[in-house]
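The values are calculated or read from the model by the stated rules, or taken from the named source; none is laboratory data. Since the model is a prediction, treat every value here as computed from it, not as a measurement. Don't worry about glycine lacking a Cβ; one is built from the backbone with ideal geometry, like all the others, and counts go over all protein chains shown. Surface accessibility is based on the protein's heavy atoms, side chains included, excluding ligands, DNA and RNA. Shrake-Rupley method; radii C 1.70, N 1.55, O 1.52, S 1.80 Å.
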Amino acid sequence: MNKPPVTSKKIKTTKSLYTAWVSGFFFPLHEKFKKHTSVALRRQLEESQWWDNTRLRDFQLTKLRDFLMHAQAHVLYYRHLFLENKFDPADLRSLSDLALLPFLTKSVIRRNIRGLKSDNARYLAHYNTGGSSGEPLVFYIGKGRTSHDIAAKWRATRWWGVDIGDPEIVIWGSPIELGAQDRLRSLRDRIMRTRLLPAFEMSEQKIDGFLAEIRATRPKMLFGYPSALSHIARHAKIHGIRMDDLGIQVAFVTSERLYDDQREQISTVFNCPVANGYGGRDAGFIAHECPEGGMHISAEDIIVEIIDAQGNPLPPGESGEIVVTHLATHDFPFIRYKTGDMGILHDKPCACGRGLPLIREIQGRSTDFVVAQDGTVMHGLALIYILRDLPQIEAFKIVQESLNETRVYLVSKTSLDQLVRLQIEHAFKARLGQAVTIVIEQVAQIPAETSGKFRYVVSKVANR
């Protein structure tokens, strides 16, 4: 095994006796009770992360071949699909052979929900996505997939010198987690020193309560949506509430695009680095940021492709849609699953020395992009920066209703005068087209999505 290098960023790794007990005894016992294999898997992942590219790709190829052969033997949908495409997984010679298979999309899953279940699956759990970009997606997850996802997240947590059992505040909004707070789970969270706070409502009173809870808990780590944590950080800064003396070691963010100003705001107010994570309930934990700044793909379980609008694979350095094959989804396979997210792969190694491949940039969902009247596609940042440069704007949301109309919802410290409205309208038209109608509405607040997330830009055009 290759030995890990000494990283240039010194990460404190000392554990309290209590954290050592939780991570070394209580949590492994908890996982064994739930029939999860995450403990052994995490140990394997901490070894394989140092493999070189050749060994890792050979491992992926062997695992992919076995995975596809299982799908052929046990999953009705894939048995028929392979026959239709004259595809034999036993003949797989390289990872690029995956391109011989059609994509798995949300609509395909909805039409084939029964045929995608393995005939030897046990203990399947029913899940769904929040449906922020349309109709919610229903699918199933087996204990093998869950174990692998836990192990990947656990490995990434330990990169930052924290572990399961260290005090943690979670700002989250998923109804799955928040609806599961029964007595047994509440007891488990208390033992593991995890405090879950709902991100649905972000009134000043609620945020004051969150800040008081964080100060009282003095967590070693924060976890949540970047929009929620940056909103809380901004409130603390405005009201002079000091949060930089609590000993927080890291703030983990996920489930939304992390913008540079959010990272800076969270890091400055809480006096800790921000570790980005990328993944979803459907596609799994895809990539995690290490202290050297590399977004490492969990390549032992995840194969990532980047495709153009026609579905052709793109090389590192080019932007396209992220497609994921999750090698631990035997019970309900996700093979060449189109995530709807946009990103760019990296072809250079990380300074940390890990052999795991990198995502250079995660650009957000396809609906985070907007389309000008002339057909030009651009990231919503082109419009976001217009509003962020206006000091009187406190919050905003941009909704591209059609090629001909875009609505801008604004929360402002004062009533917006005509000059500011004209300034916004002129800047938006310069990017979207002079004939586009820009409707500006001043509102009291911008509500979060039903999931608790916040989206700055929603395009009803970009994903058509």
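State all residues of region 85-130 that are among the aromatic types (Phe, Trp, Tyr) and touching a Gly at 6+ places or on another chain (Cβ under 8 Å); if no residue qualifies, say none.
Across region 85-130, the qualifying residues are Phe103, Tyr123.
Which ones in region 273-307 are open to solvent by 30 Å² or more (accessible area, probe 1.4 Å) and either at positive phi or modelled with pLDDT of 95 or more (or both)?
If the condition is that a residue be open to solvent by 30 Å² or more (accessible area, probe 1.4 Å) and either at positive phi or modelled with pLDDT of 95 or more (or both), then Pro273, Glu292, Gly293 are the ones that fit.
Restricting to region 188-208, what's the tally of residues that are hydroxyl-bearing (Ser, Thr, Tyr) and either open to solvent by 50 Å² or more (accessible area, probe 1.4 Å) or part of a loop (DSSP other than H, G, I, E, B) (or both)? Lay out the reasoning, then the answer.
Here is the first cut: in region 188-208, the ones hydroxyl-bearing (Ser, Thr, Tyr) are 194, 203.
Filter once more, keeping what is either open to solvent by 50 Å² or more (accessible area, probe 1.4 Å) or part of a loop (DSSP other than H, G, I, E, B) (or both): 203.
The qualifying residues number 1.
If I ask for residues that are of a type in the set (Lys, Arg) and closer than 16 Å to Val75 by Cα, which ones from region 87-128 would you list?
Within region 87-128, Arg110, Arg111, Arg114, Lys117, Arg122 qualify.
State the number of residues belonging to region 430-444 that are without any contact (Cβ under 8 Å) to a residue 40 or more places away in the chain and either surrounded by fewer than 12 Cβ atoms within 10 Å (Cβ to Cβ) or not β-branched (Val, Ile, Thr) (or both).
5
Inside region 259-272, can you point out the residues that are touching a strand residue (DSSP E or B) at 6+ places or on another chain (Cβ under 6 Å), in contact (Cβ under 8 Å) with a residue 24 or more places away in the chain and open to solvent by 20 Å² or more (accessible area, probe 1.4 Å)?
Listed by number, the list holds a single entry, Arg263.
List the number of the failed condition for Phe369; all other conditions in (1) modelled with pLDDT of 95 or more; (2) surrounded by 18 or more Cβ atoms within 10 Å (Cβ to Cβ); (3) at negative phi hold.
Result: Phe369 passes all but (1).
Filter region 372-390 down to the residues that are more than 21 Å from the chain's Cα centre (by Cα) and crowded, with 20+ Cβ neighbours inside 10 Å and list them by number.
Leu383, Ile386
For region 290-308, name all the residues that are of a type in the set (A, V, I, L, M) and in contact with a strand residue (DSSP E or B) (Cβ under 8 Å, 6 or more places away or on another chain).
In the first step, residues of region 290-308 are kept if they are of a type in the set (A, V, I, L, M); the result is 295, 297, 299, 302-304, 306-307.
Residues satisfying the conditions are Met295, Ile297, Ile302, Ile303, Val304, Ile306, Ile307.
Quick one: how many residues across region 318-366 are over 15 Å from the mean Cα position of the chain (by Cα), open to solvent by 10 Å² or more (accessible area, probe 1.4 Å) and among the hydroxyl-bearing types (Ser, Thr, Tyr)?
1
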